Amino acid sequence: MSVSFYSPRFAKNVWLANHAIESMAKREITLPEVKQLIEEGSVQYKDNQHGWVYFEFISRNDNLVCAAIINEQAVIIKTMMVNWQLGEQNENSLL
């Protein structure tokens with residue numbers, strides 16, 4: 001199954017990899033939550049293309065919710081995670 005949507009924030013399409021869709025189902029993350037995370041979440045980059053978008057949902061008990069992304073011609077969400085923690089070694093790369 002292929003899922004995509006347009007992100008005004010990134011001004012490009014967002015594609016969810018099959019693994020991300022499976023992760024969403026396993027962790028009970030909804031598509032509206034993913035869209036909110038992409039539009040409102042904090043972004044941290046590992047390098048020029050790879051990074052994470054994370055967001056704290058008041059209604060969830062497993063925060064932070066995080067999307068591992070590749071940001072190229074489209075934003076590709078590789079996987080979805082819960083109970084995610086910001087790594088100390090990457091705190092200086094926050095955007």
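Side notes on the structure shown:
- Sequence of 55, 10 once ranked by neighbouring C-beta atoms within 10 Å, starting from the fewest: 10, 55
- Contact order for the chain, expressed relative to its length and based on alpha carbon pairs under 8 Å spaced 6+ residues apart, stands at 28 percent.
- With all pairs of separate Cα atoms included, the chain yields a Kirkwood hydrodynamic radius of 13.2 Å.
- Of the residues 57, 5, the one with the fewest other Cβ atoms within 10 Å heads the list, and the complete ranking is 5, 57.
- Rounded to the nearest 500, the helix-only mean residue ellipticity at 222 nm of the chain stands at -6000 deg cm²/dmol, with each DSSP H run of n ≥ 4 adding -39,500 (n - 2.57).
- By the count of other C-beta atoms within 10 Å, a proxy for reagent exposure, 81, 24 are ordered fewest to most as 81, 24.
- Total formal charge among the other residues, if their Cβ is under 11 angstrom from that of residue 60, Lys/Arg +1 and Asp/Glu -1: -3
- Length gained on full extension, residue 61 to residue 26, computed as 0.36 nm times the residue gap minus the Cα-Cα distance: 11.1 nm.
We did not get these values from a lab; they are worked out from the coordinates using the rules stated. Since we're looking at a predicted model, the values are computed, not measured. Quick reminder, even Gly has a Cβ in these numbers, built from the backbone with ideal geometry, and neighbours come from all protein chains shown.
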